[in-house]
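Data first, discussion second: the structure below is written as structure tokens.
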Amino acid sequence: MNMLLKIYLKEMKDSFRDRRTLLLTVLLPIIMMTGLVLFYENMVSDGEGETYLLAVDNSFSTAEESIFASYENITFVKSDNPEGVLQEGEAQAALLMDDNFLNSVEQGVTTSVTVVGDSFSQNSSNLMNLVTSALAVYKNSVIAERLEAQGTAQELVQPFTLDQKELSEENPTINLIAMLIPLILALAIGIGAGPAASDLFAGEKEKKTMEALLMTPVNRMSLLMAKWLTIVSIGSLTGIITLLVVALEINFLTENLKSAVSLKENVFLVIGFAILVSVIYSMFVATILMITSIVAKTVKESQSYSSPIMLAAMFPLLIITGIGINELEFHHFAIPIMNIFTILKELSFGIINYQHLAIMIGSNLLFIIVAFIIARIMFLKDKWVMN
């Protein structure tokens, strides 16, 4: 045990002497997490406080402007060619109305309105929604006036109202956070643990230092365990830093994402279990990366093996993204990797289910033990550890 501790401390010290490890473990996750958090905050923003430019024809009258009076953040850009103004990027959308639009409406003559924009642009999409809403309100008011003039009750045309209610009272943005945090955590742990795993096995073989290391009176099992613990520690450290950075940034740099999170009295339990999940995932990743590094003869070859595996680990996240929190079943918590994302999704909603946590921990530990035994068998054979 004393020898194991000494080797572990030596490997940790050597790893953190490497500037690249420090960069990938601390700085890069912070930069990457900040970018993703701000991107998602902007994506869920409803455009409140933004000013939009709507291109209209020169004939656009003050009476027609009054239709949009309730939307003070819409500024009109008049031109002979509204679509041309839009294409040149001088407006986010264009409104095309038939000549004498209001007169046609008053006389009961069919007329048309076209809203032109780019639905792939958030600003353009927000503006088109505002314009469409304003026109819908105006359309309903015209219908109501015509019905009243004819003495027809509105209830005859609108016999019932339709309301849509969410099953959960949580802010819908929480679903985005439930996808964001597992994605960020998985990427960060993979990025942090990958270089360390490659250097500790394939790197030793490439530098011809593995042979000298094995000639010392050190038990191979102790050596393997120490290197594995080093990878786990670096991955866990990256995961914990990532969780802290994301939590602080959501709390201090965002409004929409912050308002969606309502952990209430479970906040410390949720954070504690999230850290536990990140450690379990780090152990899982460390075992896989250790095997790929043992198989590889060079650092570059090890990275070639590990990169597709880390990318493949993202697919379970895509699977559970479209599954409601009340639709999760036993297999979602029993399948390794998938269950990591599933538990993080529950934690994002403030749900702590100890049975699900036990299933997740048990299945991952079982996989880790089996994979570690395979790595141990390989490490005991010279053909895998000698270059």
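The values are calculated or read from the model by the stated rules, or taken from the named source; none is laboratory data. This one's a predicted model, so the numbers in the text were calculated from it and none came from an experiment. Glycine also receives a Cβ, built like all others from the backbone with ideal geometry; neighbour counts cover every protein chain displayed. Ligands, DNA and RNA are stripped out before the accessible areas are found, and what is left, the full protein with its side chains, is counted by its heavy atoms. Shrake-Rupley method; radii C 1.70, N 1.55, O 1.52, S 1.80 Å.
Cβ-Cβ contacts under 8 Å between residues 6 or more apart (or on different chains), taken from a first residue in the range 141-167 that is within 16 Å of Val105 (Cα to Cα) to a second residue that is at pLDDT 80 or above and exposed (fewer than 10 other Cβ atoms within 10 Å of the Cβ), are listed as Arg146/Gly108. The criterion of at least 1 residues that are in contact (Cβ under 8 Å) with a residue 24 or more places away in the chain and more than 29 Å from the chain's Cα centre (by Cα) is met by the following helices (runs of 4 or more DSSP H) wholly inside the range 208-314: 210-215, 220-253, 267-295, 299-312.
Hey, any hits in the range 148-157 for a residue that's at negative phi, of a type in the set (Gly, Ala, Ser), modelled with pLDDT under 75 and assigned to a loop (DSSP other than H, G, I, E, B)? Within the range 148-157, one or more residues are at negative phi, of a type in the set (Gly, Ala, Ser), modelled with pLDDT under 75 and assigned to a loop (DSSP other than H, G, I, E, B). The single condition from (1) under 22 Å from the mean Cα position of the chain (by Cα); (2) aliphatic (A, V, I, L, M); (3) not in a helix (DSSP H, G or I) that Leu180 fails is (3).
Under the condition of being open to solvent by 10 Å² or more (accessible area, probe 1.4 Å), under 19 Å from Leu187 (Cα atoms) and not hydrophobic (A, V, I, L, M, F, W, C), the residues counted in the range 273-309 number 7. Screening the candidates Ile323, Ile351 for the property of being open to solvent by less than 40 Å² (accessible area, probe 1.4 Å), free of Cβ contacts under 8 Å to residues at least 60 places away in the same chain, out of contact with any Phe, Trp or Tyr (no Cβ under 9 Å at 6 or more places or on another chain) and assigned to a loop (DSSP other than H, G, I, E, B) yields one hit, Ile323. Here the range 326-339 is the region considered, the condition is being closer than 18 Å to Ile351 by Cα and aliphatic (A, V, I, L, M), and the residue that is surrounded by the fewest Cβ atoms within 10 Å (Cβ to Cβ) is Ala334. Would you please list the contacts, defined by Cβ atoms under 6 Å and residues six or more apart or on different chains, that run from a residue in the range 129-140 that is in contact (Cβ under 8 Å) with a residue 12 or more places away in the chain and closer than 18 Å to Leu102 by Cβ to a residue that is part of a helix (DSSP H, G or I) and among the aliphatic types (A, V, I, L, M)? Hits for this filter: Ala134/Ile67; Tyr138/Ile67.
Among all positions in the range 357-367, there is no residue which is of a type outside the set (Ser, Thr, Tyr) and within 16 Å of Met179 (Cα to Cα). Scanning the range 358-377 for residues that are loosely packed, with under 14 Cβ neighbours inside 10 Å and within 29 Å of the chain's Cα centre (by Cα) turns up Ala358, Gly362, Leu366. Filtering Gln92, Gln122, Gln87 for residues that are among the polar types (S, T, N, Q) and open to solvent by 90 Å² or more (accessible area, probe 1.4 Å) leaves a single hit, Gln87.
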